[in-house]
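Once you've had a glance at the structure underneath, I'll fire off some questions.
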Amino acid sequence: MPIFKYEVLNPVINNKKPFYDFKRKLLFFPVKGVSYRYYVEVARNNNKTGNREYFILLSHNKFDENCRICHIDIYGRCQIRIQGELKEYIIRESSYRGNINIEYVESTEDYDVFIVE
């Protein structure tokens, strides 16, 4: 039964969903059998809502000079070491909710786009 009158202080993390590992300082999220090699953290302002949106671009090839190497673990989860603004956002959201949402958005010729919510 959900708890509506209270705020959960230490939410339980489901490791089958996207999560941030505070000890290893890595972001884990499932990528469904795709072996990516590179990633770039990006953001943009949404003109309709005025909110800042965060994305992770993943690819097999180094498509930009800002690409960093990512790893896929034996469970099919992408592991990346996030930094800066995106790291602050994920830590804040993880502390509040436990898991975060990372969903596939689209593919381009060079990379696949995932939104971080």
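For the chain, what log10 I(q)/I(0) values come out of the Debye formula at q = 0.16, 0.17 1/Å, with one point per alpha carbon and no solvent?
Result of the Debye calculation: -0.78, -0.87.
Sorted by accessible area (1.4 Å probe), largest first, how do I115, I56, I13, I74 line up?
Accessible-area ranking of I115, I56, I13, I74, largest first: I74, I13, I115, I56.
Another one. Which ³J(HN,Hα) values in Hz, rounded to whole numbers, follow from the phi angles of region 45-57 under the Karplus curve 6.51 cos²θ - 1.76 cosθ + 1.60, where θ = phi - 60° and Gly and Pro get x?
8, 7, 5, 6, 9, x, 8, 7, 10, 10, 9, 10, 9
Hey, another quick one. Could you state the angle between the C-alpha long axis of helix 84-97 and the longest principal axis of the C-alpha atoms of the chain, as a value from 0 to 90 degrees rounded to the nearest 10?
Rounded to the nearest ten degrees, it is 30.
Enter the accessible area of Y54 (Å², nearest 10), with the probe set to 1.4 Å and all protein chains included.
That residue has around 20 Å² of solvent-accessible surface.
Roughly speaking, what is the centre-to-centre gap between region 1-37 and region 59-117 when only Cα atoms are used, to the nearest Å?
For region 1-37 versus region 59-117, the Cα centre distance is 13 Å.
Sort V105, V12 by heavy-atom solvent-accessible area, probe 1.4 angstrom, most to least.
Ranking V105, V12 by accessible area, largest first, yields V12, V105.
Summarise the accessible area of the chain (1.4 Å probe, protein heavy atoms) by the percent that is carbon and sulfur.
Percent of accessible area from carbon and sulfur atoms in the chain: 47.
Return the lysines within reach of K16: Cα separation strictly under 23 angstrom, same-chain partners fewer than 8 residues apart disregarded; answer none if there are no such residues.
K25, K32, K87
For Y111, what is the net charge nearby, where nearby means another residue's Cβ is under 12 Å from its Cβ and Lys, Arg count +1, Asp, Glu -1?
-3
The values are calculated or read from the model by the stated rules, or taken from the named source; none is laboratory data. Because the structure is predicted, anything quoted here is derived from the model rather than measured. No Cβ is skipped: glycine too gets one built from the backbone with ideal geometry, and neighbour counts run over all protein chains shown. The area values use the complete protein model at the heavy-atom level, side chains included, leaving out ligands, DNA and RNA. Shrake-Rupley method; radii C 1.70, N 1.55, O 1.52, S 1.80 Å.
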